[in-house]
Structures are given as C-alpha cells and as structure tokens.
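For reference, the structure is listed below as structure tokens.
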Number of protein chains: 2
Amino acid sequence: MKKLFTALSMSIAGMALPVSAQTDFQADSIFIRKIYNAALAEGKSYEWLRHLTQQVGPRLSGSDGAAKAVVYTQSVMKGEHFDRVFLQNVMVLHWVRGAKEKARIISGKQKTEVPIAALGGSIATPKGGIKAKVIEVTTFQQLRELGTEKVKGKIVFFNRPMDPTKINTFEAYAGAVEQRGAGASEAAKMGAIGSITRSMTTRLDDFPHTGSMRYAAGAPMIPAAAISTNGAELLSKALKANPETEFYFEQNCEILPDAPSHNVIGELKGTSSPGKFIAVGGHLDSWDFAQGAHDDGSGCVQSIEAVRILKALGYQPHNTLRAVMFMNEENGMRGGITYADSAKSKKELHLAAIESDHGGFSPRGFGIVGAPAQKAKIQQWTKLFIPYGIHELGPGGGGADIGPLAQQGTVLLGLMPDTQRYFDYHHAANDKFEAVSKRELELGAAAMASMLYLIDKYGLE
Amino acid sequence: MKKLFTALSMSIAGMALPVSAQTDFQADSIFIRKIYNAALAEGKSYEWLRHLTQQVGPRLSGSDGAAKAVVYTQSVMKGEHFDRVFLQNVMVLHWVRGAKEKARIISGKQKTEVPIAALGGSIATPKGGIKAKVIEVTTFQQLRELGTEKVKGKIVFFNRPMDPTKINTFEAYAGAVEQRGAGASEAAKMGAIGSITRSMTTRLDDFPHTGSMRYAAGAPMIPAAAISTNGAELLSKALKANPETEFYFEQNCEILPDAPSHNVIGELKGTSSPGKFIAVGGHLDSWDFAQGAHDDGSGCVQSIEAVRILKALGYQPHNTLRAVMFMNEENGMRGGITYADSAKSKKELHLAAIESDHGGFSPRGFGIVGAPAQKAKIQQWTKLFIPYGIHELGPGGGGADIGPLAQQGTVLLGLMPDTQRYFDYHHAANDKFEAVSKRELELGAAAMASMLYLIDKYGLE
C-alpha cells in the first residue's frame, strides 16, 4: 500500500493528491499543530538547556563536565519515564588545554597581547613558548609557492576569512576550515615551527574560535592555535607595516590516552516494529571553554524534547524511537562511530536518523541524504511544514554523528536552522545559554518531533 | 509589452517561462547577486546602526535624540552623495516620561519592588503615586462582567499573555496589545484609578515594555503603565495568595504641546520617470529608554543602504527612488501621515513603498498590500529570492508609516524577517545595538534593494 501510494504520488507531483492522502494531510496537520503547541506552550527544552549549559557547563570529551552531562541527560530521560534509558560505552579521544595560552605580536619595541586558543588535538609549545617571524598566507598553494627557504623556522599565519557573501554560512565555513584542520601540517611540511589560523567566523571580535585539527602522517607535529579575528586583523596590519614582525605564543595542551565515556540513549518502544529504529540526536560534548549552548546543547535537548512530546501526546510509535546524545563529536567522532557499529552488530535496523547540530536557531529546513525516492517522499511533506516557516526539505546533509549509519542504508536528515548567527558563537566562549532564543530552540524541537512522527507513521519505502 | 508578459505568465503559472522572461531572470539573478555581495562584503548599514544607536541613542519624538537622529541620517545620505537630501517638516506628539517610575507589590507586610514603565501617552500619577487594591483580568469582557462595584477605586491589572503558540509573533502581539492600547480607558469606565498591563513579550524577564496607549473620548484619564513579565507573574501570584494585595506606583510623565520635527528623505533621481516614486523606509524615532536598534534603527539604515547599493552598482533607476526616515511612528504616526499628505498635494505618484519595521532579523518574505494582479506580478519574482532564504511573498501587511500612501493607490510592501526574537526587545531597554546581527541586518537591506530594483525595472502594472 505504501509503495503504491508513493509511486502514484510521484507520478502526479504538483497535482491534487488522492483522497486518502488528503485525509492524512488533515490528520497530520492537526497532529503537527499539537506538537508545536506542546513545544511552545509547555516545552521543557529551554530549562534543560539552562541546566546543561550553566550547571553542567563545558563538557569536552574525557572531562568531568562530559561525565556530568552523561548523568544529567540520563536522569532527564529517566525523569520523563522513557521506556528504556541506557548508556553505551565509548572510548573517546582525550585532549586537554592545560593552562591558558599566551600570545603577542612583537613589532619592534611594541608588544600587543592577542587572544588565541590552542586547536583541539594540537601539541603544546615548548615550555616558555615559541617566538618567530611570521609568514601570512591565505591558501596552501600560496604557502607551497613560497618554498621551504622562506617558511623554515617561521610561524605560518593562515588568514583567509570565511567568505561573507555566502548566504549559507556553512558554505563559507567549508571554504575556510581546511586552514584550521590541515594548516599545521601543511606549514610543518615547509619547515614552519608553529601555525596560527584566523578564527572561523565572519564577525570581527575578540573570541578565539577553537576546533579540531589533525596532523598528517609523516609531517612534523607543530603547535597550532586559532587567533581571534580582531587579532588576525592586527597581526596582518603589523606585518604589512613591518615584515620583521614576530609572533610569540605559548600553549600547554596535551593529548592524553583515550578515556572511557558514553553515548546516552533513551527509547520509546515501537508497537508494531520494535526492532526497527528511528534516531534523533545531537552531541553532548562541547569545547572546554564554551557552554556549548548552540553547539550542541541545543541539539541534545531538542532530541529529548522531540521524543518527550510524542510521548506526552500519547503517540504510539510503530518503530522504536531513540533520542541519542552522542559523545566526542568535536574531536574524535567516536560516539557516532560506536553507535553505528553497535547498531550493525546488534542488527538494529535504522530507518532514519535526524540530527540537530547547526545551532538552536529558527528552523528553515531539513537536509536529506537518501535515495531519490526516499527524498521525494519526504519532500511531499513540505506543505505540512510551511505553516511553521520550514520551506526547504532537501538541501544540505544529514550530520556528522549520524553519518556512519549510512553504511546500513539509513536515511539521514539534518535539521537546518537559519545559519546567519551560528559562526558568531561556534567553538567560542560566547556560545552561552543567553545566546539561545527560547522560541527558536522550541521550534527546532517541534520540527524534529514532526519529522520523527511522519517518518514513523509512513516509513520511507 | 509588460502587460502582455504578465497576462501570459499568469496563464501558465508553474510552467516554463517564455524565453524573454528567462533572459530577464538570468540578468536579474546576476544583478541581485551583486546587490547581496555589496551588502554582505562592503555593507555600511551595520556601522550606521552602531552610530545611530550608541552615539545618537534613544530618540523619542520631540527629544534631543530625535533631532540628532535627523541631523545624522541627513548627513549619512549627503555623505553618500544622494541626488537630493532634504527634511520634511512634521509636527509630532511630544510626550515625556519624566523621572523614573516607582512600583511595588504590597502584600501584608511584604513590599516587593517591580519594574514598570509608563505607557506612551499616559498621564502621571498624582505626586507621591497611587496605592490601591488590584483587580486582575485577562479580557475586557471579564472586566465588564465584574461590574463597577468591584472595580471602583482599584488598579486594574491586565494579565493576558501573548499566545506563545502563534508561530508569527506579530499575531500573538495583535491578540494581546488591546490591553496596552485601550486597557486604561476600559478600566476607567469601570471606575478604576490606574491600569497596569503585562508587557508585550513571550519572554519572562525584568524589562518593562512600553508602547503607546490612547484615552477613549469620555472616559476619565487614569495613569497607565506596563509591568515586566516577571513582575506580572509575581503580582498574579501575590493576588492568588492574598486578594487584599495592593499595588503602588508613581509615574511622572507629561503630555507637552506638539513639537516641530522632521522626516528625512534622500533621493536617487529617476531617469525616465523622475516624477514617479518608489519609497523605502523605516522610522527614526524610538522609545525614550531604548536605543531602538531593531525598532527601528534597523529599518532606517537598511533603507539608506538599499538606495546606496543601487547607486554604488551604477543602477540608473527609471523612477525616483527615495529612502525615507519617518518620524513619530511610535506615538503619533505623524511622519507617515505628513509624508502621504505631502505626496498627494505635490502630485508625487508613488508606485510602491517598502517598509522595514519588523526588526533587523533574517528576512523571510515581504508582505504585500495591492491589487491581485500587482500581488501576482511580485509573486512571480519569488524564484529570484529563494536563493536568499526568502520564500514568502504575500502574507502580512505593508507597514504603519507607508499605510497612508494607500489613498493614492500605492502598492505597500513590508519586509518580513523572522519574528521569533522581535518581542524579546520590542519597546524595551534591551533593544540595543548588540541585539542585532550584522549579517541578518545586511540580508534585510539586500532584500529591500532587490525588491526596489525589480519594482523599478518592471513597474507594477
């Protein structure tokens, strides 16, 4: 029946729907309206986020904060009487920042302190820091063309800004983030002794935005840090005025042995197909100096809220619905990988997974990764979302943590909120509870609950 | 030719466009992309807003701030070498708050200070304030049903919250704001001596949100104030615990004689039809304790920016394009009325007017007020806006200041940004520069410039 309906609908795309579908549309409209009412008038996500960000606080993988976040979200789902709440063991990468970084621009006699933050995964500088002349580049190509002669013994300063003309700021991020992720090794291959990357934001401010980096095999490991955009502007200006300008920085970070941690999972048992799953999730870890309100406390509380609302409305799911708090997204992806591996070994077939990791902003769409027919089926539901300001079902991807589920054919969906403010806060100390709008957060939770409901009700075949 | 094209397009709505239209679509796409690039990479609106909000500051009609804002925006447009920049005389309502209000809840021996703000247009309390028992109601109907016996000599407390389940917060506002605008007279008719209204926001916080109120003819004038939502919750709770709870407040506001002020207007002269106009505007006045960043500094700088960008791109308008800073929107509407009256008497035919007065948030659409064919013509341009996240051309109105132009058949358009956060700041002290996102502001300016361009190029016949 479902297959017939899909084929029929696709052949008449854009025309009137058959009577049975119209009936469903009405029932679905009414149910989705109830979901939104529950989120906006009796929502719990905002107060959960307040606790997670202000009481638990920063929660980098392996830290006490991360452990507390596991306990807290577990207790929230138990408190909501989910059918089953459990922890999944995950060995996480364990990197610590150590004492706060120091950095200054030295131009002749002038010394100017600037805000930097070691990149996640970076090594420390030698004790006392390093000081060297600076080579400013905007591309790897430009760096290579300079030749080792000019780069050797220096600090490479990657200063290509995110392109402000991209409407979707994630595209701007994608166009600049290689400097953070791979810059240090590119610089090291040319003989550099350190690497400084302009923070990944279009704003001009004093917050260094950290993020993960990786050392390429075979390249010497050199210390790598992010500098605030104002700091980057200053450094660039200083270099233009005086090419002999030096940069000094000291950082004390350390890569520790992998540590035990957990994904946190809460379930509503399916009534007809309890062995099939639909997951909705966000990641529980954050960077160490950030409350991780948008990234990704929002996604966590929205995921719990999506399942809570369906439960509160008395919805009896066909499949088992799971809220998943993934651990270690920021600097290891171990939670997502472990979750998919476990699902595979336990033969837990996941029809779909929905991730929220683009911030707690006004929802505008869902990215979809799946077969064309599955995508088309979801896109038929667009009309149900338009009253809630969601017009875009399709563009964009699923999400980092649910990505590994693709191996079992799971359809991946990513909540796509308005992207304009995300990088104002991303991986920075201002990603605080106050940066999240209650209504925007709640609308995201309601959108996720609605999508969860539709996929559970209609399947994706 | 234009008429033929419109008729043709409407008859084949949803199908492929004729070749000529496709060519235009391409050219328009390219030009609109240039507009957005100019706004996002070289925009000036954000720095103008910084100055207007932080250097000029609050600018209630008749105040020094308002006069400074006139001078500042005039100088900005002159600095951009608009073809003509001029002031239009407007006599504005002149209300002043005087010394800061005092208010407390008195329940037995317990006295609790709460934040209130006199409503614009209200009279003062007698010196020393007033103190009385409190009648809490949520509707006018409920108030009337109580009868004068129960209301006489008391303070009426209007405590109907904005409905959080409305997706468009302006609908929630529309459903609650009568309490602020007309509550005092409704209460006075029943013999009340004062009126306190819950602030118009869905948030729970400590900011009283002011706004205009009007005394009904024939009703006694009693002092009226807004109380913060946290204060309203406290008062309601106190009344439930002890119906004998009293409320005390003192306010020192004053209605002064009308004062001279100005609309500020900048023009780009039309090349083929200089006697026809398209206006784009916002209002320059704000409430007295607010920087008026979203309301409506944003609309002002976006309007100037829209015209500046077209000029910077070398666009030669057919019609004369005007950026208009309206004065006295908040408590009198005199600027909008004067502007329309002047246009009428000078026979300045306005094809269209575009207003931005819904905050500097991510744009999602334009409200359109016009004949069905005009609306349909504008809606054909939707595809051009979708890459910029704008999907909704049609729903919603034009705007308060451009409203009076309707008398001459002007098509009215209102920029419709995402509404979720607007009432977090509306008419409150936290409506500050920092509450505005640079990118969101700029996207609004670009949307307005794009609409201005399309209307100028194609007309609305």
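Values quoted throughout were computed directly from the atomic coordinates according to the rules given, and no laboratory measurement underlies them. This structure is a prediction, so every number in the text was calculated from the model and none was measured. Using ideal geometry, Cβ is built from the backbone for each residue, glycine included, and neighbour counts are taken over all protein chains shown.
Amide H contacts under 5 Å for A:HIS262: A:VAL90, restricted to partners 5 or more places along the chain or on a different chain, H placed in the peptide plane at 1.01 Å from N. In chain A, the sites counted are trypsin sites (Lys or Arg not before Pro) in DSSP loop states with at most 10 other Cβ atoms within 10 Å, and the longest stretch holding none of them, exclusive of the sites, is A:128-345. Among chain A residues, the one whose Cβ is nearest the axis of the rotation from A to B, given with its distance rounded to whole Å, is A:HIS391, 2. Between the Cα long axis of helix A:229-241 and the first principal axis of chain A there is an angle of about 30°, rounded to the nearest 10.
By DSSP, the beta bridges lying fully in the protein assembly as shown are antiparallel in about 55 percent of cases.
All Cα-Cα separations within chain A were binned at 20 Å from zero, giving a P(r) of 25, 51, 21, 3, 0, each value a whole percent of the pairs. Evaluate E = 1/(1 + (r/R0)^6) for B:LYS100 and B:GLN142, where r is the Cβ-Cβ distance and R0 equals 22 Å; express this FRET efficiency to the nearest 0.05. It comes out at approximately 0.10. What whole number of Å gives the distance from the Cα centroid of the range B:316-365 to the Cα centroid of the range B:390-461? Cα centres, the range B:390-461 to the range B:316-365: 11 Å.
As a quick test, which of the pairs A:LYS109/A:LYS131; B:LYS44/B:LYS383; A:LYS44/A:LYS383 have an alpha carbon distance above 21 angstrom in this structure? As for pairs spanning more than 21 Å Cα to Cα, those are B:LYS44/B:LYS383; A:LYS44/A:LYS383. Under the combined filter of DSSP loop state and at most 12 neighbouring Cβ atoms within 10 Å, the range B:242-350 retains these GluC sites (Glu not before Pro): B:GLU244. Relative to the longest principal axis of the Cα atoms of chain B, helix B:2-11 runs at roughly 70 degrees.
Summarised in one figure, the compactness ratio Rg/Rh of the range A:98-252, Cα atoms and Kirkwood Rh, is 0.93.
In the assembly of identical copies, A:ALA217 has its label point, taken 7 Å from Cα in the direction of the beta carbon, separated from the corresponding points by 8.8 nm (ascending, one decimal).
A cut-off under 11 angstrom between Cβ atoms defines the neighbours of B:SER61, and their net charge, with Lys, Arg +1 and Asp, Glu -1, is -3. Inter-copy label distances for A:GLU145: 7.9 nm (label point placed 7 Å from Cα along Cα→Cβ; shortest first). Altogether, the Stokes-Einstein calculation at 10 °C and 1.306 mPa s, with the Kirkwood radius of the range B:296-448 over Cα pairs as Rh, returns a diffusion coefficient of 99 µm²/s. In this model, which of A:LYS68/B:LYS432; B:LYS276/B:LYS311; A:LYS377/B:LYS457; A:LYS111/A:LYS152 are farther than 28 Å apart at the alpha-carbon? As for pairs spanning more than 28 Å Cα to Cα, those are A:LYS68/B:LYS432; A:LYS377/B:LYS457. Taking each DSSP H run with n ≥ 4 as -39500 (n - 2.57) and averaging over every residue of chain B yields -10500 deg cm²/dmol at 222 nm. Out of all Cα-Cα pairs in the protein assembly as shown, roughly what percent, to the nearest whole number, are more than 37 Å apart? That fraction is 54 percent.
Between this copy and the others, label points of B:ILE337 are 7.0 nm apart in ascending order, each placed 7 angstrom from Cα in the Cβ direction. Only lysines eight or more places from A:LYS166 in sequence, or on another chain, were considered; those with a Cα closer than 16 Å are B:LYS34, B:LYS438.
For B:SER286, nonlocal amide neighbours, meaning residues 5 or more places apart or on other chains whose placed amide H falls under 5 Å from its own, are B:ARG59, B:LEU60, B:SER61.
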